[in-house]
Amino acid sequence: MTVDLTTQIRPAGEAATATAVRTLRDGGLVAFPTETVYGLGADAANAEAVARLYRAKGRPAFNPLIAHVGDLAAAQRIARFDATALALASAFWPGPLTLVLPKAPRCPVADLATAGLDTIALRVPAHPVARDILRGFGGAVVAPSANLSGHVSPTTAAHVQSDLAGRIDLIVDGGPVEVGVESTIVGCFESPTLLRPGGIPRADIERVLGSALAPHYPGAADGQPLASGMLASHYAPRARVRLNAASLTRGEALLAFGPVDLAGIDTAAAVMNLSERGDLKEAAANLFGYLRALDASGARTIAVMPVPDDGLGEAINDRLRRAAATQG
Ligand code: TXA
Ligand code: MG
């Protein structure tokens, strides 16, 4: 495993964009901000670069990547869009939506990046730094979240550094991200399917579709690829995560939401509140950073107060469930 690179960290700006583009062209690995989380980019057409990316993350090669492009026209050179896909793309791109579509006939993306599937996940991010890099590079950039496989996704350049320093070439620091949870992934199959809840609430997508998204059953024997964070245990801090906490045991850290009135709060090892005013957008933006911070407090267990499941709450609860899943 290559773990011996010098990782440059550059503040976002023209110089950093130029270095990022050059590094991608040379087959290097570049972490950059998107509005959801930081991504770790590689030239999607360069199989060797894609292989390095899997290695740097320690990601299993059966887990396919999202190809990022600058606009819909570029996306249409990579995948086939039906009317539904076009409707979703025009409603939500650029933005935190990923579409899984049939590959175009001469799809330029390396097979390794799609784990041999005949579908591909595509996204047009809205973050200005991501857009500048994609525009400068021209081609598609595959970019998983810029964390070690299985860890909490990064919402700051410092998070990326703590997971990947020495394993990648460049980190472009564009400050903390805005959304804080990954993109919503919709499979444009016969029935549009919610593969991963994320930065665009389900209801917004269903409003555009005029119908409900089909549920996704990971591992169902329907030939559909496993999708989304996929592995039940993911986004995992070192500490144990205990959901729906109604009280605290001595020494536990608390990840709170809304007003806090828990028995045992006075003995908490640490307390962080996702949103004191109970705002789900604010909570999503704070989620991964607070999980990392509470993990670093050294508490053995992070107790989490219930978070409502509407709007962005569906994505937050999905990530919390995965963080809580016991590891095999
Ligand atoms: O917000 C995001 O989506 C971030 C930023 C960096 O764009 N990216 C991200 O990538 O979350 P990653 O690799 O951590 O998650 C991508 C998910 C994976 O769980 C993968 O299984 C799924 O997308 N995926 C990729 N291609 C797929 C396909 N053809 N069919 C079904 N699922 C796919
Ligand atoms: Mg990820």
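The values are calculated or read from the model by the stated rules, or taken from the named source; none is laboratory data. Being a predicted model, the structure only gives us computed values, none of them experimental. Counting neighbours? That spans all protein chains shown, and the Cβs are built from the backbone with ideal geometry, glycine included.
Below is a table of values for the structure above.
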item: 3 or more residues within 10 Å of ligand 1 (Cβ to nearest atom): qualifying strands (runs of 3 or more DSSP E) within segment 72-190; result: 97-102, 119-123, 184-187
item: Close pairs from segment 286-298: first of a type outside the set (Lys, Arg), partner crowded, with 23+ Cβ neighbours inside 10 Å and part of a helix (DSSP H, G or I), Cβ under 6 Å, at least 6 apart; result: 287/316
item: Of the criteria (1) on the phi > 0 side of the Ramachandran plot; (2) in contact with a helix residue (DSSP H, G or I) (Cβ under 9 Å, 6 or more places away or on another chain); (3) of a type outside the set (Asp, Glu), which one residue 236 fails; result: (1)
item: Filter pass, residue 27 being in the same structural domain as residue 153 (by TED's automatic domain parsing) and either touching a Phe, Trp or Tyr at 6+ places or on another chain (Cβ under 9 Å) or in a helix (DSSP H, G or I) (or both); result: no
item: Residue within segment 24-31 that is out of contact with any Gly (no Cβ under 6 Å at 6 or more places or on another chain), more than 26 Å from residue 285 (Cα to Cα) and among the basic types (Lys, Arg) present; result: yes
item: Some residue of segment 32-49 being among the aromatic types (Phe, Trp, Tyr) and either assigned to a loop (DSSP other than H, G, I, E, B) or buried (at least 24 other Cβ atoms within 10 Å of the Cβ) (or both); result: yes
item: Segment 286-302 - residue that is assigned to a helix (DSSP H, G or I) and aliphatic (A, V, I, L, M) and, of those, modelled with the lowest pLDDT; result: 296
item: Residue list for segment 94-123, filter: within 16 Å of ligand 2 (Cβ to nearest atom) and surrounded by fewer than 17 Cβ atoms within 10 Å (Cβ to Cβ); result: 115
